[in-house]
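K.L.:
Once you've had a glance at the structure underneath, I'll fire off some questions.
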Amino acid sequence: MVGVLVVGAWLHGLDLKLQSNNFATTKTSAYTDPEVAWVGLTEDEAKAKGIKVKKGLFPWSASGCAIANGRDEGMTKMLFDDSSEAHGHGKILSAGMVGTHADDMIGKIALAM
């Protein structure tokens, strides 16, 4: 696909500025039962980079959707930037999930990042 874009741009005389991929928002999943999915930094990586984080945990046993589906085992963990510049509204640094359809949901968090 990239080759088609490059050739098309070249044929039309467009100046391409190559951009690097942002692998910090590339999701990863293990298709087990239940699924495991994650995106972004781990707590250890954030700590090593000197990033102050705020952690949020949500048990799926508190999710009406999970209960209605009969699969309330699982949880979501998210890390947010907790620096003074964030003023309590830090960007999403990462998320990890264990549960049914975790791969589908982690993609939405990756998009939000």
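K.L.:
Give the residues of the stretch 51-93 that are touching a Phe, Trp or Tyr at 6+ places or on another chain (Cβ under 9 Å) and within 19 Å of P34 (Cβ to Cβ), sorted by residue number.
P.N.:
Hits for the stretch 51-93 are A66, I67, R71, D72, E73, G74, M75, T76, K77, M78.
K.L.:
From I67, I51, grab the single residue that is assigned to a loop (DSSP other than H, G, I, E, B), more than 17 Å from I106 (Cβ to Cβ) and among the hydrophobic types (A, V, I, L, M, F, W, C). Write out each step before concluding.
P.N.:
Numbers: I67 fails: assigned to a loop (DSSP other than H, G, I, E, B).
So the residue among I67, I51 that is assigned to a loop (DSSP other than H, G, I, E, B), more than 17 Å from I106 (Cβ to Cβ) and among the hydrophobic types (A, V, I, L, M, F, W, C) is I51.
K.L.:
Something else now. Out of the stretch 53-66, which residues are surrounded by fewer than 14 Cβ atoms within 10 Å (Cβ to Cβ) and touching a strand residue (DSSP E or B) at 6+ places or on another chain (Cβ under 8 Å)?
P.N.:
Residues satisfying the conditions are K55, G56, L57, F58, P59.
K.L.:
Return only the number of the condition from (1) at positive phi; (2) crowded, with 17+ Cβ neighbours inside 10 Å that G70 does not satisfy.
P.N.:
All conditions pass for G70, except number (2).
Bear in mind these aren't lab numbers, they're just calculated from the coordinates by the rules spelled out. Nothing here was measured: the structure is a model prediction, and the numbers come from that model. Please note: Cβ atoms are built from the backbone with ideal geometry, for glycine as well, and neighbour counts cover all protein chains shown.
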